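Here is the structure we will look at.
None of the figures in this text is laboratory data; all of them are computed from the coordinates on show. Just so you know, these numbers come straight off a predicted model, no measurement behind them. Positions of Cβ are generated from backbone atoms using ideal geometry, with glycine treated the same way; all protein chains shown enter the neighbour counts.
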Amino acid sequence: MNNDMELASHLEDLTRALGDNVDSQKVESELKNCLDNFNLPINEAKRCVIKKFGYDPQILGNAVDKTIRELSQVENSVNLLCRIIYIDDKEISVNGKPKKISYGILADPTGTIPFTAWHELNCDKGEVIRIYNAYTKSRNEKLQVNLGDRTHVRIMPPDALPQGRNNGNFQKYSVTDFRDGLGNIETVLRILDIEERGVTIDGEKKQIFKGFAADETGKCRFAAWSDFNLNKNDVVQVKSGYIKSWRGVPELQLNGGTIVEKMQNDVLPSLDILAQDKVLPICKLKVLGGAAGVAVEGIILDIRPGSGLIERCPECRRVLQNSMCMIHGKVKGGFDLRVKSVLDDGTGAITVILGLEITEKILGMDLKACLELAKEQLRTDVIHERLIEKLLARPIRVAGIVLSDEFGLMMIGNSAEMILPKIKTESLSLLDELGININNEV
């Protein structure tokens, strides 16, 4: 065993198994003897030490030491040495009682993986931990590590595992490949916009820098938890970043362990080109699970109930039903306009939500004019009917952010424009598919 830190962790395994029944120095001497003189693998050496002192090796359990890359979907008992690169807590309900659990992302020199601890894990981001007797599970086709009631966690010295910047084992990704839980990312991006924000975490005020960045494959959100002196239009190479997603939308996280280096401006296309929203088919968005700064083109198949004139809670902005807010009860709401629709592009369908300004543009009427029309006709659904006339079965291009939840995909649009059909181009394409050649112009 050439690493004293690793040896110490295995000695702790044996000490936990044997308890106070055997002198710890004798245990260490026997383990070193098995490793140095008999060249036994570490797990076999530990079993031999247990037998040496007259105990059943089963008391060690069936856990085996693995790296993140070696994990499979059927690990029932596994030990890991890793670093926490992201951690947070949340409260869930178990049998009607609140319970706090922890979740986040683990990393070692071979990769990263999401984890869930089914109890509060009193550890901090950046700490190196040794996990005993964890298990794996697949969630939404993604492998994750679970820390259950039988799992033991020990905080290790920082140098027990190299920092990402030292091991150099970065994985290159483009924006279109970003997925929740990825770590040790290396990527090259142009900063499209950035702003400084103040946040409070565990009662402590911190400054973060948030914005959008892009490469040739698409846009992404980013959050920098340290000041990397980033400016709009900078081209940067990021090493040891990681991805955290919210409702399917990946966000690149840059922390104190991240390396950010500015590059030549011509490494990527210009800001004007990269700032354009890339049109993606809905089938691709379903695979991604969410995206920021994208556009979809298709036909509006349905204008859903809740479109047109609506009332919102003055406190939380939720839509009211019969003047009732699900959070604040009966309130006096304020009027608003929106479109809640279904768009189909031939590869799939997606719910599209358009806010006040876009809805006013589509109607050719502002909110005040809509309220006057509704008052004149003594009904609010007249605006819903106008939206059906304007949008139903019409081709449209919508740009914005695509979120996902248990109900599927939903796009929150920040711009929308009707598409004029390209009759000549589409006719020629159809004739070509049918094998009909024409020489005269259409």
Filtered hits (aspartates and glutamates, Cα-Cα < 19 Å from K26, offset >= 8 within chain) -> D4, E6, E12, D13, D36, E44, D56
Listed with the fewest Cβ neighbours within 10 Å leading, F407, F209, F178, F53 appear as F407, F53, F209, F178
Leaving out same-chain residues fewer than 8 places away, which aspartates and glutamates sit with a Cα under 19 Å from that of K232? D193, E195, E196, D215, E216, E251, E261, D266, D272, D277
Could you work out [θ]222 nm for the chain from helices alone, using -39500 (n - 2.57) per DSSP H run of at least four and dividing by all its residues? Round to the nearest 500 deg cm²/dmol. -6000 deg cm²/dmol
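Over region 64-160, calculate the relative contact order: mean separation of alpha carbon pairs under 8 Å at least 6 apart, over the residue count, as a percent.
On the way: 223 pairs, mean separation 27.9, N = 97.
Over region 64-160, the number comes to 29 percent.
Work out how much length R154 to N265 would gain on full extension: take 0.36 nm times their residue separation and subtract the Cα-Cα distance, in nm to one decimal. Don't jump to the answer; show the numbers that get you there.
Numbers: separation 111, 0.36 × 111 = 39.96 nm, distance 4.54 nm.
35.4 nm is the gain from fully extending R154 to N265.
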Could you check the simple spin-label distance between M326 and L434, using points 7 Å along Cα→Cβ, in nm with one decimal? 5.0
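To check you understand DSSP bridge types, tell me what percent of the beta bridges within the chain (both residues inside) are antiparallel, rounded to 5. Walk me through the numbers on the way to the answer.
Numbers: 102 of 119 bridges.
The answer is about 85 percent antiparallel.
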What is the spin-label model distance, in nm, from V94 to D23 if the labels are put 7 Å beyond Cα along the C-beta direction? 4.2
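Identify the GluC sites (Glu not before Pro) of region 193-298 meeting these criteria: DSSP loop state and at most 14 other C-beta atoms within 10 Å of the C-beta.
Working: sites: E195, E196, E204, E216, E251, E261, E297; in loops: E216.
Passing sites in region 193-298 are E216.
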With only Lys, Arg, Asp and Glu charged, each at its Cβ (+1 for the first two, -1 for the last two), find how big the charge dipole of the chain is about the Cα centre; round to the nearest 20 debye. 880
Extension gain, K284 back to K32 (0.36 nm per residue minus Cα-Cα distance, nm): 85.3 nm
Structure shown: which of K172/K239; K210/K239; K99/K210 lie over 20 Å apart, alpha-carbon to alpha-carbon? K99/K210
Compute the separation of the alpha-carbon centres of region 371-410 and region 176-248 and state it in Å as a whole number. 33
Roughly how tilted is helix 423-433, in degrees to the nearest 10 and between 0 and 90, from the longest Cα axis of the chain? 60
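Would you work out the relative contact order for the chain, in percent, from Cα pairs under 8 angstrom that are 6 or more residues apart?
Numbers: 891 pairs, mean separation 38.0, N = 442.
In percent, rounded to a whole number, it is 9.
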0 to 90° range, to nearest 10: angle between helix 381-391 axis and the chain longest Cα axis: 90
Please work out the FRET efficiency for the pair V382 and D344, using the Cβ-Cβ distance as r and a Förster radius of 30 Å; give the result to the nearest 0.05. 0.70
Using DSSP loop states and a limit of at most 11 other Cβ atoms within 10 Å to flag trypsin sites (Lys or Arg not before Pro), what is the longest stretch of the chain containing no flagged site? 1-316
Residue among L280, L378, L301 with the largest mean-square fluctuation in a Gaussian network model of the chain, springs linking Cα atoms under 10 Å: L378
Looking at the chain as a GNM with Cα springs under 10 Å, which of G329, G126, G348 has the largest mean-square fluctuation? G329
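Over 21 Å between Cα atoms, which of K90/K244; K125/K286; K97/K142; K142/K284 qualify? Display every interim value, and only then the final one.
Details: K90/K244 15 Å; K125/K286 31 Å; K97/K142 28 Å; K142/K284 18 Å.
Over 21 Å Cα-Cα: K125/K286; K97/K142.
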